[in-house]
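Rule-based calculations on the coordinates, nothing more; no lab input. Keep in mind the model is a prediction, meaning the values are calculated, not measured. Note that each Cβ is placed from the backbone with ideal geometry, even for glycine, and that neighbours are counted across all protein chains shown.
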Amino acid sequence: MKKINLEEIKKLFQANSNDENAYNMSKYMKNKFAYYGIKKPLSNELIKPYMSNLKNYSEKEVYKIVKELWEEDEREMQYLALTIINYYFKKTPMDIKFLEKLIVKKSWWDTVDNLSNHTGLYFKHNFDKEIIDRWVESDNIWLNRSAILFQLKYKNLMNEQLLSEIILRLVHKKEFFIQKAIGWVLREYTRTNPEFVLEFVEKHKIVGLAKREALRLILKNKLN
């Protein structure tokens, strides 16, 4: 078992870096981030010795490690931070202020969508409409997206009234990542209540990308 040592991990990742992979990975992410070029299977193998001791860390220690990883330039360091979060906070809600800081820093779908699992867990245990309203009204599209997606895996626990309200407050925004999120959460909910989704899309005249994504599974099932 190894203690998590950021400098040691950075040297390990540098030693296993791959320039061709780094170029392709950065290109795939619209050149927004630098990469070591380490794909997930190898990354998991490299960090495995550090993970077995993680359960012995305090929350304060974990927050410190995650914060430090989030400051690093290479995207694999944010992925490592997410791996740590997913392991340590499987059933325990994270601090929502800390989560929000992660959502709005170095934001892109790859980190924000992962964090939606944890915002969902937080609101399931500590529902706070004021925070949700603030995210919906924010000029930050990633907070908007997080407000839409936090119920993504709620299934039978979905608050349909709240979901409808959030979508209708944001559907006018033509930003790709907002429209995609609207379609995604509705599509996922068709697994639980397809009638609600069909009625919602028709009643509120949801169109374009959001509609295509929302009805994708329903249309696929009709064709089969």
Long-range amide H partners of Ala34, meaning residues 5 or more apart or on another chain whose placed amide H is closer than 5 Å, are Arg75
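Measure up Lys27/Lys180; Lys55/Lys106; Lys48/Lys220; Lys3/Lys180; Lys40/Lys173; Lys10/Lys97 against 30 Å on the Cα-Cα distance and list the ones that go over.
Lys48/Lys220; Lys3/Lys180; Lys40/Lys173
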Here segment 100-105 yields Karplus 3J(HN,Hα) values (6.51, -1.76, 1.60; θ = phi - 60°; whole Hz; Gly and Pro given as x) of 4, 4, 5, 4, 8, 10
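Go through segment 164-210 and name the trypsin sites (Lys or Arg not before Pro) that are in a DSSP coil and have 14 or fewer other Cβ atoms within 10 Å of their Cβ.
Sparse-neighbourhood loop trypsin sites (Lys or Arg not before Pro): Lys173, Lys174, Arg191, Lys205.
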Rounded to the nearest 0.05, FRET efficiency between Glu8 and Lys173 (Cβ-Cβ, R0 41 Å) equals 0.40
For Asn221 and Thr192, extending 7 Å from Cα along the Cα-Cβ vector and measuring point to point gives, in nm, a value of 1.5
Among trypsin sites (Lys or Arg not before Pro) in segment 39-114, those in a DSSP loop whose Cβ has at most 10 other Cβ atoms within 10 Å are Lys90, Lys91
When the chain is treated as a Gaussian network with springs between alpha carbons less than 10 Å apart, the largest mean-square fluctuation among Asn114, Asn144, Asn44 is found at Asn44
In the structure shown, of Lys153/Lys211; Lys64/Lys91; Lys90/Lys211; Lys67/Lys124; Lys32/Lys64, the pairs separated by more than 22 angstrom at the C-alpha atoms are Lys90/Lys211; Lys67/Lys124; Lys32/Lys64
Within the under-12-Å Cβ sphere about Tyr87, not counting Tyr87, Lys/Arg +1 and Asp/Glu -1 give a net charge of +4
From the Cα centre of segment 129-198 to that of segment 54-99, the distance in Å is 25
Scoring segment 128-224 by relative contact order with C-alpha pairs under 8 Å, at least six apart, yields a percentage of 25
Checked against the structure, the computed log10 I(q)/I(0) by the Debye sum over Cα atoms at q = 0.09, 0.16, 0.17 Å⁻¹ among (1) -0.43, -1.12, -1.20; (2) -0.33, -1.06, -1.20; (3) -0.47, -1.10, -1.19 is the one labelled (1)
